[in-house]
1. Say we look at the range B:106-136 and pick out the residues that are in a helix (DSSP H, G or I) and without any contact (Cβ under 8 Å) to a residue 60 or more places away in the chain; which of these is nearest to B:THR198 (Cα to Cα)?
2. Only one of (1) surrounded by fewer than 14 Cβ atoms within 10 Å (Cβ to Cβ); (2) aliphatic (A, V, I, L, M); (3) at pLDDT below 95 is not met by B:ALA96, so which one is it?
3. Residues in the range B:169-178: is at least one under 24 Å from the mean Cα position of the chain (by Cα) and more than 14 Å from chain A (Cβ to nearest Cβ)?
4. For residues that are surrounded by fewer than 21 Cβ atoms within 10 Å (Cβ to Cβ) and more than 7 Å from chain A (Cβ to nearest Cβ), scanning just the range B:283-308, find the one that is nearest to the chain's Cα centre (by Cα).
5. May I ask you to verify whether B:PHE320 is under 19 Å from the mean Cα position of the chain (by Cα) and either modelled with pLDDT under 95 or within 9 Å of chain A (Cβ to nearest Cβ) (or both)?
6. Mind telling me which of the residues B:TYR208, B:TYR248 ends up being at pLDDT below 95 and out of contact with any Pro (no Cβ under 9 Å at 6 or more places or on another chain)?
7. Do we find a residue being more than 23 Å from B:GLU175 (Cα to Cα), within 14 Å of another protein chain (Cβ to nearest Cβ) and not in a helix (DSSP H, G or I) anywhere in the range B:56-72?
8. Which one is nearest to the chain's Cα centre (by Cα), of the residues in the range B:271-282 that are at the interface with chain A (Cβ under 9 Å from one of its Cβ atoms) and under 20 Å from B:ASN356 (Cβ atoms)?
Amino acid sequence: MSRFKDALVLILAGGVGSRLNILVKRRAKPAVPFAGIYRIIDFSLSNVMNSGLRKVGVLTQYKPLSLMSHLGMGEAWDFTGRSRGVKILPPRTGDKDSDWYRGTADAVRRNIDFLADSPAKEVLILSGDHIYQMDFDAMLEYHRSKNADVTVGMMVVPKSEIHQFGAGIIDARNRIIDWEEKPKKPRTNLASMGIYVFDYDYLMKALMRDKDGIDFGMHILPHGIANHNVFAYPFYGYWRDVGTIQAYWEANMDVLRPDSGISPQKWEVCTNVEADGRPADRAPARFGAQAEVTRSLVSAGSIIQGTVINSVLAPGVIVEKGAVVKDSILFADCVVKKDAVVDLSILDKRVVAEEGCVIGHGDNHEIANRIAPTHLYSGITLIGKEARIPPSAKIGRNCVVDSNVDAASFEAELLGDGESILIPEK
Amino acid sequence: MLRPTTLAMILAGGRVDELNVLTYYRPKSAVPFGGFGRVIDFALSNLMNSGIEQVAILSQYRSYSLINHIGTGAAWDMIGRYRHVSILPPFLGTEATDWYRGSADAVFKNLDYVEYHRPEEILILSGDHIYKMDYQDLLQYHHAKDADLTIALLKVPLEDAHRFGVAALDDEDGERGGRILGYWEKPVQPESQWASLTVMCFRPEVLYEALRSNQQSSSFEFGRDIIPMLVKQNFKVYGYKFCGYWGYTRTVEEYWQSNMDLLGEEPRIDLEGWGFRTNLEHRGIRGYQPVLTGKSAMISNSLIYNGCTVEGEVRNSILFPWVVVKKGAVVENSVIFFNNVINENCRMNKVVADVNSSYGRNVVIGAEPGSTARKVTVIGWNNHVPPQIRIEEGATVYPNLQKSRWPAVVKPGEVLR
């Protein structure tokens with residue numbers, strides 16, 4: 001029956017995503033909140049659901065608790081039912097001491113029993129940390145029509161960025177004839193999106209052939225390209241790897257612009273609103289008499305009495321009178337008290353900005369964070385989960401304030417540009 | 001003992017004529033309220049917050065919307081070994097041959113269901129009212145008095161009392177309540193200000209007997225028949241005094257007013273504080289993205305739920321999920337239900353707009369923007385109001401109006417079918 005689309009889906013959700021700094025201190029990258037009510041992995045899961053695929057394994061490794069509670073039984077993405085299912089696949093100890101996943105292909109290989117149980121003819125492997133919309137059913141059709149062993153989702157990126165990706169060179173039929181993983185010198189602008197359709201039997205053989213081949217991009221694909229049929233599936237829409245603070249912030253801001261090409265609503269992205277054990281039927285967002293809210297996303301349960309400009313607010317955010325939130329991303333249940341200012345900042349859950357404090361102070365965006373200059377360099381300041389910023393504090397640009405920090409950790413009223421307040425791990 | 005002793009029955013069958021087009025396709029209890037829920041959510045949330053989780057809903061009129069809304073009951077945590085919501089529609093059988101002939105008849109027809117649960121107290125509520133009450137407190141009073149029936153009462157102005165069931169009671173327990181000495185349903189000349197909230201707690205045997213003997217009668221209502229009968233027969237009927245907010249929304253004006261009670265600095269209806277819960281699966285509102293406000297958006301004193309897009313102006317209004325307010329449009333003092341598109345330069349003042357409609361450019365509904373409208377204008381569902389049309393204040397537009405039937409101006413108070 002052709003209506004049954006029985007490709008098996010594996011979502012790789014194990015990455016640390018350490019460039020997201022303290023946002024991934026207690027959660028895996030795919031579980032980082034996005035656009036108010038979503039988490040990054042919702043985009044992959046919803047694409048799977050909207051493509052009509054029904055069997056999914058999610059490979060987790062790094063700090064998976066938040067991710068597991070978010071996935072739940074999978075009802076949010078309609079993965080419950082007789083012929084449907086989402087399984088969490090954490091690393092398991094086997095006959096060797098170290099059985100952590102060592103790479104993407106290694107992670108899949110270690111779940112070969114999960115694969116072996118499947119009657120699927122194709123296996124779709126994707127990453128759980130990208131923001132995009134894609135019809136995998138069309139990609140599977142393409143894969144079949146090309147009689148491919150492997151099909152790789154690829155898109156054109158600026159040549160200056162190609163060094164972050166796997167890069168492929170194709171012939172006129174879209175067959176990939178050469179491959180470079182994260183090339184220093186770009187020869188092409190066609191980048192891999194980390195989305196692969198494998199012929200089931202081919203994948204099983206490839207995984208068995210060389211057990212040291214632990215990464216798809218580094219090992220499995222180059223071997224396949226040299227010896228078998230590997231095709232590129234061209235993608236032309238909005239796609240972002242939100243693996244850096246800068247990219248993460250920009251993608252959130254894109255949701256606010258009608259012409260950016262990203263729209264969770266139109267893409268029918270679903271999420272599990274009940275994670276964290278808080279039933280999410282919060283009241284509608286309340287806009288006070290003096291509220292000013294432009295170019296922003298405001299989630300249910302928020303109460304806005306102050307000014308919000310160009311910002312993304314998760315459920316339950318409170319912005320009191322006289323407070324200003326601008327160009328910022330606030331996670332669930334943050335409180336910005338009277339006359340406080342939050343500018344160009346990302347606030348993790350339940351941060352309290354006390355009366356009159358300033359987060360994102362001053363005009364100098366140039367001094368990168370001293371500890372993590374590659375994470376924070378454009379002016380964005382990060383505040384960790386449940387931090388309390390004392391009333392008269394001023395926090396500069398490119399700063400990091402760790403989770404649970406409170407007034408006791410502030411040595412002076414001003415935290416200079418590029419400085420951090422970190423609590424050492426016990 | 002783990003087995004719960006209270007069975008709650010919600011009377012949710014009624015359509016209310018005065019609510020007009022809003023109850024054209026749904027019972028009153030399923031009328032949207034609060035920016036994302038339905039009226040019956042108040043009774044259900046009260047039950048959940050009171051820890052009463054065996055619930056039956058008696059429904060008769062156009063129950064699809066209600067059945068869909070209740071779903072499995074999981075939204076109110078009413079799913080589990082001793083937790084459930086059952087919907088009890090009218091049925092035919094060897095004995096039953098008719099619709100529910102009244103609220104008491106509805107319960108009577110389901111006595112087998114009630115007796116099966118072996119309740120020790122039966123709480124009968126209306127699903128039509130907006131209030132927060134801890135039913136456990138009423139149950140406690142009921143038991144303390146060893147009452148046969150305890151009903152919740154609210155003090156209303158004497159001039160309004162004729163609209164309600166009214167009880168005269170003694171001062172046995174002062175602020176808490178007292179024995180009911182007389183009860184009159186909608187009396188022409190009321191002698192008491194204590195109005196029934198339609199929250200009644202029965203001793204089961206008394207209820208069973210009363211319902212059985214009521215079958216000989218020709219009227220089958222709790223207010224008109226059962227309560228007065230029990231008072232007359234000298235059963236121990238007590239009044240429990242309630243002094244919180246109570247939204248009795250029998251008319252469009254009252255319905256609009258209770259919506260406005262959700263707004264302001266300290267709203268009289270505090271959804272969050274009341275522990276209000278609804279079913280997010282209904283209409284799929286779970287998956288809606290947060291409210292998106294455009295660069296020209298101006299929003300003040302309003303409630304807006306996920307899924308809305310606002311580029312125009314919204315004042316003193318409530319927007320349900322998936323309302324689009326385009327540039328130049330002004331929505332004030334209005335309640336806009338699910339899935340409505342309000343196009344450029346459209347003006348609405350004191351309007352209740354039902355679901356699935358669109359409003360063309362430059363449409364003006366109600367009083368002039370910024371002026372004080374006296375009457376509510378109501379627009380029924382599935383309407384596509386052509387551009388430039390003027391609908392004057394107090395008008396009513398029926399659902400599914402054909403394109404050809406739209407005049408250029410709908411006059412004040414006109415009913416357009």
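The values are calculated or read from the model by the stated rules, or taken from the named source; none is laboratory data. Predicted, not measured: the structure shown is a model, and the values here were computed from it. No Cβ is skipped: glycine too gets one built from the backbone with ideal geometry, and neighbour counts run over all protein chains shown.
1. This residue is B:LYS109.
2. All conditions pass for B:ALA96, except number (1).
3. Scanning the range B:169-178 turns up no residue that is under 24 Å from the mean Cα position of the chain (by Cα) and more than 14 Å from chain A (Cβ to nearest Cβ).
4. B:ARG283
5. Numbers: under 19 Å from the mean Cα position of the chain (by Cα): yes; either modelled with pLDDT under 95 or within 9 Å of chain A (Cβ to nearest Cβ) (or both): yes.
Criteria met by B:PHE320.
6. B:TYR248
7. Looking through the range B:56-72, at least one residue is more than 23 Å from B:GLU175 (Cα to Cα), within 14 Å of another protein chain (Cβ to nearest Cβ) and not in a helix (DSSP H, G or I).
8. At the first step, the residues of the range B:271-282 found to be at the interface with chain A (Cβ under 9 Å from one of its Cβ atoms) are B:271-272, B:276-280.
Still in the running and under 20 Å from B:ASN356 (Cβ atoms): B:278-280.
Numbers: B:THR278: 13, B:ASN279: 15, B:LEU280: 18 Å.
Applying the filter and picking the extreme gives B:THR278.
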